[in-house]
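Reading through the structure tokens given below for one structure.
The values are calculated or read from the model by the stated rules, or taken from the named source; none is laboratory data. Note that this is a predicted model, so its numbers are computed, not measured. Positions of Cβ are backbone-derived with ideal geometry, glycine not excepted, and every protein chain shown enters the neighbour counts.
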Amino acid sequence: MNSLQGMFLIATNQMGDPRFKQTVILICNHDEHGALGLVLTSPFAEVSFGDILRSLNLEYGQNSLPEVYCGGPVALDALFVLHVNGLFDSTPVMDGVYLGNDIRFLSHVGNGEDTKQMRFFLGYSGWGAGQLEEELSACGWLVLPALAEDVFDCPPDLLWRRVTGKHGINIDLFNDISGNA
């Protein structure tokens with residue numbers, strides 16, 4: 001089995017699950033036990049960063065708060081952070097990207113520190129052993145290399161087309177030319 005850690009999963013129009021329509025997921029961990037990824041294209045409309053800080057009774061000033069993303073449908077009460085500097089025993093995902101879930105990340109935000117190179121998520125996307133491989137064989141996902149600049153610098157509503165376009169793929173036409181051999 002080849003690990004997909006550090007790769008993007010791009011939902012094709014053949015994706016049967018409407019929760020993942022036009023999504024880009026960064027695979028943060030993938031081994032024989034399953035996979036964990038974070039949806040990069042789904043900002044939470046219902047939850048603000050201020051809501052999270054208030055729920056934990058954490059102080060924050062008038063500084064601009066980062067957006068919160070829905071990382072997927074599993075464990076929506078769990079906080080995950082993608083970032084560039086390996087703080088707080090974070091796990092490397094790929095070159096220049098780390099995954100953390102330490103509550104001390106919230107203090108960075110509350111103290112007004114720069115969060116431009118951080119993305120905050122509630123929940124994650126998870127697959128059991130062999131489940132992701134099965135979904136890949138059904139052509140619901142396209143696998144493409146991930147770059148840190150795409151994780152942190154692209155607006156979520158543009159990422160689906162930007163990533164595929166970088167690889168010469170017109171994702172709108174993808175279904176017309178894809179299939180199984």
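A compact table of results
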item	result
Positions within the range 1-14 being in contact (Cβ under 8 Å) with a residue 40 or more places away in the chain and over 16 Å from Gly126 (Cα atoms), in sequence order	Met1, Thr12, Asn13, Gln14
Evaluation of Pro66 against (1) on the phi > 0 side of the Ramachandran plot; (2) in contact with a Lys or Arg (Cβ under 8 Å, 6 or more places away or on another chain) (one fails), failing number	(1)
Scan of the range 41-51 for residues that are within 20 Å of Asp77 (Cβ to Cβ) and at pLDDT 90 or above, ordered by number	Ser42, Pro43
Residue within the range 62-74 that is aliphatic (A, V, I, L, M) and loosely packed, with under 15 Cβ neighbours inside 10 Å present	yes
Those residues of the range 82-95 which are under 21 Å from Gly34 (Cα atoms) and at pLDDT below 90, in sequence order	Ser90
Long-range neighbours under 7 Å by Cβ, at least six apart or interchain, first residue polar (S, T, N, Q) within the range 58-78, second at pLDDT below 90	Asn63/Gly112
Residue in the range 132-141 that is closer than 15 Å to Leu4 by Cβ, free of Cβ contacts under 8 Å to residues at least 40 places away in the same chain and among the hydrophobic types (A, V, I, L, M, F, W, C) present	yes
Of residues in the range 22-53 being assigned to a loop (DSSP other than H, G, I, E, B), touching a residue at least 60 places away in the same chain (Cβ under 8 Å) and not hydroxyl-bearing (Ser, Thr, Tyr), the one surrounded by the fewest Cβ atoms within 10 Å (Cβ to Cβ)	Glu32
Looking only at the range 1-21, and only at residues there that are aliphatic (A, V, I, L, M) and not in a loop (DSSP other than H, G, I, E, B), the one that is modelled with the lowest pLDDT	Ala11
